[in-house]
Every structure is written in C-alpha cells, then in structure tokens.
1. If you go through region 47-71 one residue at a time, how many are over 26 Å from Lys4 (Cβ atoms), in a helix (DSSP H, G or I) and open to solvent by less than 80 Å² (accessible area, probe 1.4 Å)?
2. Among the numbered conditions (1) open to solvent by less than 60 Å² (accessible area, probe 1.4 Å); (2) modelled with pLDDT of 90 or more, tell me where Leu41 comes up short.
3. Those residues that are open to solvent by less than 90 Å² (accessible area, probe 1.4 Å) and β-branched (Val, Ile, Thr), I need them from region 1-22; list them, please.
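The values are calculated or read from the model by the stated rules, or taken from the named source; none is laboratory data. Since we're looking at a predicted model, the values are computed, not measured. Neighbour counts are summed over all protein chains in view; Cβ atoms, including those assigned to glycine, are modelled from backbone coordinates with ideal geometry. Each accessible area value is taken on the protein alone, full model and side chains, heavy atoms only, with ligands, DNA and RNA left out. Shrake-Rupley method; radii C 1.70, N 1.55, O 1.52, S 1.80 Å.
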Amino acid sequence: MTNKQPEALRLADALTATSFESTRWEAAAALRRLHKVNAELVEALSVVIRGVPDTWDGVKQAKAALTKAQGDS
C-alpha cells in the first residue's frame with residue numbers, strides 16, 4: 001500500500017477549495033463519509049474471508065473485489 005491520498009479524499013479537498021459554496025461542502029462531506037464507510041467495509045470483508053478457502057462460493061469474487069478496493073485505499 002502506498003501513502004497516496006485516496007481519490008475520494010483528494011476530490012473532497014479539491015471541492016472545498018473551489019467556489020461552489022454549499023454544493024461543494026455537501027459533496028466534500030459525502031465523499032469523506034463514503035470513504036470512511038468503504039474503509040470499514042474493506043476491513044470487515046478482510047476479516048470475514050481471512051482463511052476461507054477459494055473453493056467456497058463467492059470467495060474468489062470477494063477477494064478480487066477486496067484487492068480492487070485496496071488499490072484506492
């Protein structure tokens with residue numbers, strides 16, 4: 001994992017630096033909230049599938065989704 005800022009948080013920061021007043025603050029708050037929810041879901045999924053064999057239904061799909069999500073976290 002790198003120290004790169006997540007895209008949602010980068011956009012939130014960019015929005016707060018623009019001049020669209022209430023819309024930009026609402027959008028920035030929504031992006032920050034969704035980033036936090038996503039991080040919680042990634043952690044929960046990591047715990048759930050830890051040690052589960054790839055042969056179980058849905059585990060390969062879950063691991064692929066987790067890998068994709070962690071690429072932007």
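1. Counting residues in region 47-71 that are over 26 Å from Lys4 (Cβ atoms), in a helix (DSSP H, G or I) and open to solvent by less than 80 Å² (accessible area, probe 1.4 Å) gives 1.
2. (1)
3. Thr16, Thr18
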